[in-house]
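Notes follow the structure.
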Amino acid sequence: MREPSIKKSLFWCPECNVPLIAGTCGCGTRGVEFPLLKPYDVRPALEHDRTLLLNLLEERFGGGKLPKIVLFNKTGGTDRTDLVIANGVRFGWLNFSPVTRKYSFEPSFEALSFILPDVSKNIVDITSYMRENKGRRLGGKKIEFSADCENGCVIIRVGGKWGVGNYQDGFLKVRQFGVVEEKPLPDPDYSNVIRCNKKHLKNIERHAIRSIKIEVNQHSWKRPNANVSFSGGKDSTVVLELAKRAGITDSYFVDTGMEFPQTIEFVESMNIGQKFQGGDFKSELAQRGIPKKDNRWCCERLKLHPVSNWLNEEGGCVTVQGNRWYESFARSGLPAAIENPYNNKQINISPIRSWRALEVFLYIWWRELPYNPLYDLGFERVGCWMCPAMLESEAERVKELLPEKYGEWMEYLRSCAEKNKFPKCYVDLGLWRWDELPPKMVELLDEYNLSKNQEKPTE
C-alpha cells in the first residue's frame, strides 16, 4: 500500500462553512486550502474549550460569541499555544502562561466581523490621533498613546476602520487594521460537517481496515495472535472499532495505577478483554526518582513491562495501536508496522497514523462511538493524571478535578526541590518535567530573571 503523506493544510468549504478532511465537499464545492502550523494537528474545540474561549472574550472585551464549529491547531510554545480557526479563517490565538497560570485569547483581524457586535470594552479609538498625524502608517508600528484600557490585546477603531493590536503602558502596537466587511455565513454544527465529509470518512475507514488486514496477514506466520492496545483515549477508541471491523476481537488495557477515575470508568464500559495492573508507582518513584519528559521510566515500568511479561507467557502477537503522526514531532516518522523494542514478540501496527485529531473525532461522531469524558473536560490527550509530558495548562485542570491527588504530588515535588535548594519556580513553572531544560524554558527563565538551576533533585 502507498504510504500517505503528511497533510500540512486543511480545506474549508466556502459554501457550507465547514472544515473538510479532503479537497472537495459533499456539496460538490472545492474547498479553500488553509495552511496549518507544525505539527499540523487540528482538533475540534469541545465543551470546556468553548466555555474557556467565551469566558476570555467576556473578560477581555465585555462579550463575544463563537460559531458552532471552532478548531484548534496546536503549535510550539512555552506551554499551550493554539491557533484558533473558525469560519475558514484565523480566528485568534489561545495561550496559557505557566508563570501567571492564566489563559489569554487574542482575536485576529479576521475574527472582528464576527465578534464586533458584542464587544464593549478595551476598544481603543485612535481616530483623532490619526487626523493629527496624517500619512502615518499603522500596520506593525508602535505609537505612544494614552488609552483608558487594560494592558494586553485591544480592538482598535480608526474612523470607519477597525483593527487589532496590543496596548502596554502608554504604547499601542497595531497588528492589523482595515475595513471590516460583514460576511453573512451559515453556522453549521458537526452533523453538517459529518455529512459534508461522509465520503472521505468512508474512504479513510476502508483504507485503515485494509491496512490492518494486510499487516496482520503479513506477520501471522510468526505472530498468530492479533489484538488491540486500548488506552482509554480517543485514538485507541477508533482503532478498537476499526479492528473489530477487520475481524479482531481481542484487546487489552494496562492500568498504571495513575489513571484518571474517568478513564477507569470508561474502560470498564468498553468490555476490554484483558486488563493488566501496572507496577507500583510509589515504589518505582522511590527507586528511580521523578519521571521526566527526557527520562520517562514510568512508561517502561508501568505500561510496557506488564505487557512484556504477558507476551513471554502467551507468545507473539500483532497489536493494533492508535499512534498518530500529528500527536508530536517525535511520532512524525511512525511507520505502518514496527517491532516492539521492549519485546520482539510483538509487532505494533498503526492504521490511523495519517489521521489528525479532526478525523478521529469526526469518525467517533459518525460511528456514534462513546469516548472518554476527559476530552469534554478540557484535556487534549488522555494518560496518567501526573504525566510529565502533560502541559501546565492541563495540570491546572488536574488541580481542579483531582485536588487531593494533585496536592499530594505537588507536596512531594516541593519537598524534593527543598532538599536540593531549588528555587520555587522548579515546581511552579513545571521545570521538574525535564532533566535538562529545553531552550524555550531557558528563555522563559531569562525573561523573568529566574534561576536556571537544572540539577537533578535527590528524592
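Taking each DSSP H run with n ≥ 4 as -39500 (n - 2.57) and averaging over every residue of the chain yields -9500 deg cm²/dmol at 222 nm. With angles folded into 0 to 90 degrees, how steeply does helix 234-245 sit against the dominant principal axis of the chain? Use alpha carbons for both and round to 10. Orientation of helix 234-245: about 50 degrees from the principal axis. Picking from L285, W355, N344, whose Cα lies most toward the positive end of the charge dipole for region 190-389 (charges on Cβ: Lys, Arg +1; Asp, Glu -1)? Comparing the listed Cα positions along the dipole, W355 ranks first. With percent of Cα pairs over 31 Å apart as the read-out, I listed (i) 41; (ii) 50; (iii) 68; which label goes with the value calculated from this structure? Step by step, percent of Cα pairs over 31 Å apart for this structure corresponds to label (ii).
The residue list G163, L57, I115 was ranked by how far each Cα lies along the charge dipole of region 36-178 toward its positive end, using unit charges on Cβ atoms, and G163 comes out on top. Can you tell me the orientation of helix 392-401 relative to the chain, as the angle in degrees between its alpha-carbon axis and the longest Cα principal axis, to the nearest 10? That helix lies at roughly 70 degrees to the long axis. Values of log10 I(q)/I(0) for region 384-436 across q = 0.18, 0.19, 0.28 Å⁻¹ run -0.56, -0.62, -1.23, by the Debye formula with one identical scatterer at each alpha carbon and no solvent.
If you take the Cα centroid of region 1-80 and the Cα centroid of region 175-204, the two points sit 9 Å apart. Beyond 22 Å between alpha-carbons counts as too far, so tell me which of K134/K173; K141/K161; K74/K173; K213/K345; K7/K65 fall in that bin. Result: K74/K173; K7/K65 exceed 22 Å. Computed about the Cα centre, the dipole magnitude for the chain is approximately 1520 debye when only Lys and Arg (+1) and Asp and Glu (-1) carry charge, each at its Cβ.
Computed from Cα positions, the angle between helix 403-419 and the longest principal axis of the chain comes to roughly 90 degrees.
Sorted from fewest to most neighbouring beta carbons within 10 Å, what does the list T127, T75 look like?
Numbers: T127 12, T75 16.
Least to most surrounded, the residues fall as T127, T75.
Every read-out reported here was derived from the displayed coordinates using simple, explicitly stated rules and does not represent laboratory data. Note that this is a predicted model, so its numbers are computed, not measured. Methodologically, a virtual Cβ is constructed for each residue, glycine included, from the backbone with ideal geometry; neighbour enumeration extends over all protein chains shown.
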